[in-house]
Amino acid sequence: MSHSWARRWHLVTAVVAVAALLLQLVLVVSGSAVLAEQDPPGLALRLGRFASYFTIQSNLLVAVAAITLARDPARDGAGWRVLRLAGVVGIAVTGLVHFVLLRPLLDLDGADYVADKLLHVAVPLLAVVGWVLLGPRPRASVRTAALALLWPLAWLAWTLAVGALSGWYPYPFLDPAEDGAGAVVVACLGITVLVVAFFGAALAVDRRAAPAPRN
């Protein structure tokens, strides 16, 4: 595909991701919950928790990468490669984990429903499809993947540590009060394996798919 098509796709991805983040931020500031809390805490704590969600962080990475790609579809750079790969894998994990583990727990409507679908369905689809079809590539290596992997691992370690101290976890499958510590260990191991597998798949696609886009 041409640079013009790539720019359009990445621009749409950026707009949707930014709109989703802003909508969810407005809902959080207004007292709505990211995940159906019945008694939301004060604003400062709500904002801190908002930033703690893997969903929010992965959408933010996608938004930053998409904005840069809308300006230059052939964007490159060592740090940028790590950011883009982390965003693509992170948003893919976000979409899959939400569909399997979180979607059945939610009963949303109105703006909450719209924000949920944008963050967990629209942005993951736009980001992953855009990466597969438009690249740019080659942009991934084992070193890039290893560096990008540090973010989800650090997020998991930080989330568990803060949760142990505060009693609050962004996702119920990380809360030992729900189904016990054993279930949390299984969930963490499963998600870690999933993340590593997605990085492996991303490397395979980056190496085998045709370079894109073209002028």
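Structure above, values below:
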{"item": "5 angstrom amide H check on residue 2, placed H, neighbours 5+ away", "result": "214"}
{"item": "Loop chymotrypsin sites (Phe, Trp or Tyr not before Pro), segment 124-171, which have at most 16 other Cβ atoms in a 10 Å radius of their Cβ (DSSP)", "result": "168"}
{"item": "Whole-Hz ³J(HN,Hα) from phi, Karplus 6.51 cos²θ - 1.76 cosθ + 1.60, for segment 156-170, glycine and proline x", "result": "5, 4, 5, 4, 5, 5, 5, x, 5, 7, 9, x, 10, 10, x"}
{"item": "Alpha-carbon centroid distance for the pair segment 66-138 / segment 182-211, whole angstrom", "result": "15 Å"}
{"item": "Per-residue [θ]222 nm for the chain (sum of -39500 (n - 2.57) over DSSP H runs n ≥ 4, rounded to 500)", "result": "-23500 deg cm²/dmol"}
{"item": "The chain: angle of helix 54-71 to the longest principal axis, Cα-based, in degrees nearest 10", "result": "20 degrees"}
{"item": "Residue 72/residue 30 FRET efficiency (R0 30 Å; Cβ-Cβ; nearest 0.05)", "result": "0.25"}
{"item": "Cα centre as origin, Lys/Arg/Asp/Glu Cβ charges: the chain dipole, Debye", "result": "1320 debye"}
{"item": "Computed label-point distance, nm, for sites residue 189 and residue 96 using a 7 Å Cα→Cβ extension", "result": "1.8 nm"}
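Read the figures in this text as sums done on the coordinates, not as results from a lab. Computed from a prediction, not measured in an experiment: that's the story for all the values here. Note that each Cβ is placed from the backbone with ideal geometry, even for glycine, and that neighbours are counted across all protein chains shown.
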